[in-house]
Amino acid sequence: MWRQWLMVLAVGQMALAHDFWLKPQGQKAAIWYGHASEDSDYDRGNLKKALAMNAKGDSLKVIQSSDGKHVVLSSDGEAVQLAVEMDTGFWVKTVQGWKNESKRTASGVLLSEWSLYYSKVLLKPDACLNKPFGQQLELVPIALHGKSLKVRLLLQGKALADVKLYDEHQKVADTDPAGEATVAYSQALVLSASYRQPLVNNPDADRLNLHAVLSLP
């Protein structure tokens with residue numbers, strides 16, 4: 001029994017540590033779940049919204065397809081960036097670990113949250129500077145010099161200070177009072193940030209867990 005509990009706990013913690021990120025494929029991008037070379041399965045119903053933008057900042061129609069394992073996104077025009085909103089639903093932490101369940105139906109709940117992911121990929125990074133999609137939590141590129149990227153983290157359009165930024169589980173920066181940080185990278189970059197806030201009078205979860213992910217080719 002204890003072995004089963006430890007397995008559930010490990011799987012739950014591993015799932016919550018993962019991110020949804022967009023892996024570029026030319027003018028398309030595939031939705032991946034995991035980090036780096038990890039390629040975990042996910043429920044395609046988690047995808048709630050897909051967005052595309054051209055160099056002028058105009059919205060484009062998004063076309064969804066599949067490569068057999070991943071949802072693949074493209075657009076009806078020349079997109080410079082693509083983005084998604086992924087909703088993995090409600091999670092509870094009990095003595096048995098994390099479960100993908102509402103606190104209304106679970107017993108022995110120690111912690112509960114609703115987890116949302118806002119992920120984007122810069123297909124043409126120079127054309128994406130200072131062009132946010134308007135996602136609830138968003139990493140917006142504001143300057144790019146070689147392999148150095150400056151970003152601004154926005155929560156509902158407002159700068160968010162003192163938040164840790166990670167590249168593949170490794171902390172790389174903290175946002176300053178303007179919500180900005182500069183990170184260096186050698187090859188592809190998958191930059192992520194998380195922010196939690198309480199939910200008031202929500203019967204399913206006590207807090208909202210927001211994730212923003214930005215990837216570069």
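Coordinate-derived values only; no laboratory data. Fair warning: this is a prediction, and the values are worked out from it, not measured in the lab. Cβ placement follows ideal geometry from the backbone for every residue including glycine, while neighbour counts extend to all protein chains displayed.
Annotation: Cα Rg of the range 110-217 relative to the compact-globule expectation 2.2 N^0.38 Å equals 1.10.
List the GluC sites (Glu not before Pro) within the range 17-89 that DSSP assigns to loop and that have no more than 15 neighbouring Cβ atoms inside 10 Å.
The qualifying sites are 38, 78.
If Lys and Arg each add +1 and Asp and Glu each add -1, what is the summed charge of the other residues whose beta carbon sits under 10 Å from the beta carbon of residue 132?
With Lys, Arg at +1 and Asp, Glu at -1, the net is +2.
Find out how many positive minus negative residues lie around residue 176, taking Lys and Arg as positive, Asp and Glu as negative, among other residues whose Cβ is under 12 Å from that of residue 176. Within the 12 Å Cβ shell, the charges total -1. Restricting the trypsin sites (Lys or Arg not before Pro) of the range 65-125 to loop positions (DSSP other than H, G, I, E, B) with no more than 16 neighbouring Cβ atoms within 10 Å leaves 69, 104. Among the listed pairs 93/158; 23/61; 69/164; 61/131; 124/164, those with a Cα-Cα distance over 28 Å are 93/158; 69/164.
Between residue 156 and residue 76, the simple label model (points 7 Å from Cα in the Cβ direction) yields a spacing of 3.3 nm. Under a model in which nothing but the beta-carbon of Lys, Arg (+1) and Asp, Glu (-1) is charged, the range 2-216 shows a dipole of about 140 debye around its Cα centre.
Seen against the Cα atoms of the chain and their longest principal axis, helix 2-17 is set at about 20 degrees.
Of all DSSP beta bridges located in the chain, what percent are antiparallel, nearest 5?
On the way: 68 of 77 bridges.
Here the share of antiparallel DSSP bridges comes out near 90 percent.
Ranked from largest, the principal axis spans of the Cα set of the range 2-216 equal 52, 43, 34 Å.
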